[in-house]
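Undergrad: Encoded as structure tokens, here's the structure I'll be asking about.
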Amino acid sequence: MTEKRIIWADDEIAQLQPHIIFLQERGYSVEGVHSGEDAVALVQSGGFDLVLLDEMMPGMDGLTTLEEIRKIDKRIPVVMITKSMEETLMEDAIGKEIADYLVKPVNPHQILSTLKRIFDSGRIVGQQLTRDYTTEYRDMVMRPSQKASPEQWLELSFWLAEWDVILDSHSELGLTRTHRDFRRECNGEFSRYIESNWEQWIWSERENRPMLSVDVAGEHVIPALGAGEKVFFVVIDCMRLDQWLTVESLLSDYYNIETDVFFSLLPSATPYARNAVFSGLFPYEISQRYPDLWINPLDDSSSRNRYEHQLLDKLIAQNGIDLPGDTKYIKILDPEEGESLVHRLKSYLSAPMTSVVANFLDILAHSRAANEVLREMSPDEGAYRSVMKTWFAHSSLLKALRAIARENVTVVITTDHGSTIGRRGTKAFGKRDTSPNLRYKFGDNINCDEKGGIFIRNPKDWRLPSFTRTTNFIIAKEDYYFVYPTNFSQFERQYRNSFLHGGISIEEMVVPVAVLRPK
């Protein structure tokens, strides 16, 4: 440990000599002074790491000394020591950003504990985190297998996301690369697992499979409405589990939060997964009941999500719930629509249920590929989480959620799918008039390299719609993305390291649903 230099200001400093010797024996350099004026002079001279400051000194008292120290150095830690436990005094000291507050009589071990917390907490926390990660990793490294249960895969995915967030603040530990490499290994096994089990899941009854997109509203929105609760249902398009865990703390002061995870439908893209969330139906069933949704499948995604409000209303009615009024729905595509939500919040909360779709992350993912500034701001998942947190912290959505916390309303927050970084191009074969998506495609007689994707000959087997008699789907696995053979190298470079969705990966498919109840 580098020797730390400490100023101890107390008008009875001579009586504290045993304490000073105790600290010196443990590697601290302590300069004792009798007054606040002497303490300020030493801070002015520079080179000190912390001040122990007696609050009751003749002449310049502790709070006045603290004010003078802050004029010189706003960052040096100051520990206030006092005989008084008066609340207003504590608040005054804390308001001036002291590092700690001790009440006399203090003993040497008390001081030592405070110094270790201030100087060594980062190192101690880092050591503990390294031990925790190593221990947990030994258990988790055995999880990715074809024999694992869906619940074990969800637990592993949650663990990966939690450590993503933790390691964002502790890059100095050197665990980030190990964690990233393990996540990539997990995704390889996850793709094989989904390929082997998906058809069985989607054709099984709910009790025999994990929660999918079609189950989210039925298991988290419908029961609350059935119990007579008002519900505010928020779908943040393209939100990953790690991103939710990054912003969850911004709501924890206002709500009791229960977060669950589920598997997004395939393709893990808005037209399929989000319609499934609102309707409780698989895409094939939607295409049969609501063919208008699929009239022109090559239209932009938003055109195939224009009936979300109606789909959810039908789902509520099908569950036998008679609401005391009409439901409401708003889609936030820009800041003006976000401000409209805040300004009209009372009107929305007068309804038995309001649904909100927030498209910021989806827009960011699509815009980033063509914008150098956005790519510079979010070069990897950690930076992307930071961008998401910055948006959410200043968003109209957060303003609305904080206001709703004062009402008797249950909030359900979820997403349709996540996203992943495409790092490897793989060849797709077919006509150029197939869908332009990079992680999944559909069209007549299309195919792909089996190493990087899954070929679906009969879409109905995967409960997907067919647009012609020869419609096929291909869905990318792991971190692959589809590129046509013509000018393959050019387009592979162009789209490499883009945030994409629609394929099979933990980041796209294992996504959160959280129920928030006001404290």
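Undergrad: Return the loop-located trypsin sites (Lys or Arg not before Pro) in region 352-420 (DSSP other than H, G, I, E, B) with at most 13 other Cβ atoms within 10 Å of their own Cβ; answer none if there are none.
TA: Qualifying residues, ordered by number: 406.
Undergrad: Go through region 400-411 residue by residue and turn each phi into a ³J(HN,Hα) via Karplus (6.51, -1.76, 1.60, θ = phi - 60°); whole Hz please, and just put x for glycine and proline.
TA: 5, 5, 5, 5, 5, 4, 8, 10, 8, 9, 8, 9
Undergrad: With 21 Å as the limit, write out which pairs from 314/519; 328/460; 331/477; 427/451; 314/441; 116/389 have Cα-Cα distances beyond it, or answer none.
TA: 314/519; 328/460; 331/477; 314/441; 116/389
Undergrad: Could you tell me which of rounded, prolate or oblate describes region 447-519, using a ≥ b ≥ c as the square roots of the eigenvalues of the alpha-carbon gyration tensor, with rounded for a/c under 1.5 and, failing that, prolate when a/b is larger than b/c and oblate otherwise?
TA: oblate
Undergrad: Take residue 449 and residue 252, extend 7 Å from each Cα along the Cα→Cβ direction, and tell me the distance between the two endpoints in nm.
TA: The modelled label-to-label distance comes out at 4.4 nm.
Undergrad: Given contacts defined as C-alpha pairs under 8 Å and at least six residues apart, what's the relative contact order of region 4-117, whole-number percent?
TA: Answer for region 4-117 is 25 percent.
Undergrad: Placing +1 on the Cβ of each Lys and Arg and -1 on the Cβ of each Asp and Glu in region 2-80, which of 65, 32, 47 has its Cα farthest towards the positive end of the resulting dipole?
TA: Projecting each Cα onto the dipole axis, the largest value belongs to 47.
Undergrad: Ok, one more. For the chain, what does -39500 (n - 2.57) per DSSP helix run (n ≥ 4), summed and divided by total residues, give at 222 nm, in deg cm²/dmol to the nearest 500?
TA: Dividing the helical sum by the residues of the chain leaves -12500 deg cm²/dmol.
Undergrad: Also, quick follow-up: Based on DSSP, what percent of beta bridges with both residues in the chain are antiparallel, to the nearest 5?
TA: Percent antiparallel among DSSP bridges in the chain is about 40.
Undergrad: Taking amide hydrogens as modeled 1.01 Å from N in the peptide plane, which residues meet the under 5 Å criterion relative to residue 229, leaving out close sequence neighbours?
TA: none
Undergrad: Here is a further query. Hey, any idea what the orientation-averaged projected area of the convex hull of region 366-519's Cα atoms comes to, in nm²?
TA: So the mean shadow area of the Cα hull is 11.4 nm².
Undergrad: Let me ask you something else. Given the alpha-carbon gyration tensor of region 124-193, what are the semi-axes of its equivalent ellipsoid in whole angstrom, ordered largest first, with each equal to the square root of 5 times an eigenvalue?
TA: The equivalent ellipsoid of region 124-193 has semi-axes of 23, 12, 10 Å.
Undergrad: How much length would be gained if the chain were fully extended between residue 124 and residue 429, taking 0.36 nm per residue of separation minus their Cα-Cα distance, in nm to one decimal?
TA: That works out to 104.4 nm of additional length.
Undergrad: Shifting gears a bit: Can you bin region 241-397 into rounded, prolate or oblate? Criterion: square roots of the alpha carbon gyration tensor eigenvalues sorted a ≥ b ≥ c, rounded for a/c under 1.5, prolate for a/b above b/c, oblate for the rest.
TA: In terms of gyration-tensor shape, oblate.
Undergrad: Under the rule of at least 5 residues apart or a separate chain, name every residue whose amide H is placed under 5 Å from the amide H of residue 417.
TA: 238, 239
Each reported figure results from applying straightforward, stated rules to the coordinates on display, with no laboratory input. Just so we're clear, the structure is a prediction, and the values are computed from it rather than from any experiment. We place every Cβ from the backbone using ideal geometry, glycine too, and count neighbours over all the protein chains shown.
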